[in-house]
Amino acid sequence: MRLHRRSARAGGEIRPVGTSRATTVRGTPFVRRRRQGVELARIVPSGRSLLLGFALLAGGILAYVVARQTAVFAIRTVEVSGAPPALERRLRSALTPLEGRSLLALDAQEIERRLGKLPAIGSASYDRSFPHTLRVTVSVERPVAVLRSGPRAWLLSARAKVLQPLPRPLHELPRIWIGKAANPRPGSTLSDPGLPRAARLVAQASRAEPRLMARVATVRWRSDRLTFVLRSGTELRLGSGTNLPLKLAVAARILRILPRAERQRLAYVDLSVPSQTVVGS
């Protein structure tokens, strides 16, 4: 059965119910497209807004270029922290050519290259302090031993970095001997794989037992075996270097409790196994 309803128009025209429903369905996409157009117009910025945004961007770029190329942010002061006075003077001298250059035009690679000429600097960082200050913070390489090759000598850091040549060997630091043909350059790290390990162990020992290390004349690192030779000639055989603070504490106690006559006859103290220390004379 097909239902009909009477139109409200004059004349009483009768239309099928389905006809009015179809008209409503066909009209829906038009209304939807119109609403989408209104929403899109709200999201997309107007031409005036785009023009203003591009103008601000261009102004910012122009201001940056002007500040970079002019003396608005020129370096006038270099502040250094973390370095002793002598090294600080050398560091300021290395960075003097940067004065007058804009802070915005600083090149990290150039600063690294200039500071790299100072082997005593382990690491460095810099910061721009506007309007005219360059701040540099450094950490200093700590010498732990004297590298010896024949009559020549160099300071060696805890990272096995050659710091500087020495006109004469220092007796305050233990010596590490290398081949006579070696000619290390300041700032370089030795290629011998055992030396970095030996240098780190010497630094660790110096922190653990500074009084005992003041009596060490020579450091040997052979076949992964560490030996400290005291100025008296006694060898402290430390094995692989593991548990080094404990081994040095045992050695310091033995040397402290032995009578002087026995210490003078002492040839070695084998601390490879701290619980089974062997003393030989």
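The values are calculated or read from the model by the stated rules, or taken from the named source; none is laboratory data. In this text the structure is predicted, and so the values were computed from the model without any measurement. Note that we place each Cβ from the backbone using ideal geometry, even for glycine, and neighbour counts take in every protein chain shown. These accessible areas exclude ligands, DNA and RNA; they are computed on the full protein's heavy atoms, side chains included. Shrake-Rupley method; radii C 1.70, N 1.55, O 1.52, S 1.80 Å.
Put simply, region 147-281 fits an ellipsoid with semi-axes of 27, 16, 13 Å; these come from the alpha carbon gyration tensor as the roots of five times its eigenvalues, largest first. Listed by chain and number, the aspartates and glutamates whose alpha-carbon sits under 15 Å from that of residue 247, ignoring those within fewer than 8 places in the same chain, are 209, 235, 270.
Annotation: amide H of residue 121 within the under-5 Å range of 141, sequence separation 5 or more or interchain, hydrogens built in the peptide plane. Counting only residues at least eight positions apart within a chain, or on another chain, the lysines with an alpha carbon under 22 Å from that of residue 180 are 161. Subtracting the Cα-Cα distance of residue 123 and residue 90 from 0.36 nm times their residue separation leaves 10.4 nm of extension gain. Among 161, 180, the sequence by solvent-accessible area, most first, with a 1.4 Å probe is 180, 161. Taking 14 Å as the straight-line reach from the Cα of residue 117, the aspartates and glutamates in range (excluding those fewer than 8 positions away in the same chain) are 88, 141. Near the amide H of residue 144, within less than 5 Å, lie the amide hydrogens of 156, 157, 158, all on another chain or at least 5 residues away, with H placed in the peptide plane. What shape does region 151-205 take by its C-alpha gyration tensor, where a ≥ b ≥ c are the square roots of the eigenvalues and a/c under 1.5 counts as rounded, a/b above b/c as prolate, and the rest as oblate? Note, shape of region 151-205 comes out oblate.
At a Förster radius of 30 Å, what calculated FRET efficiency corresponds to the Cβ-Cβ distance of residue 240 and residue 168, to the nearest 0.05? Could you put the intermediate results ahead of the total?
Details: r = 34 Å, r/R0 = 1.12.
Between residue 240 and residue 168 the formula returns 0.35.
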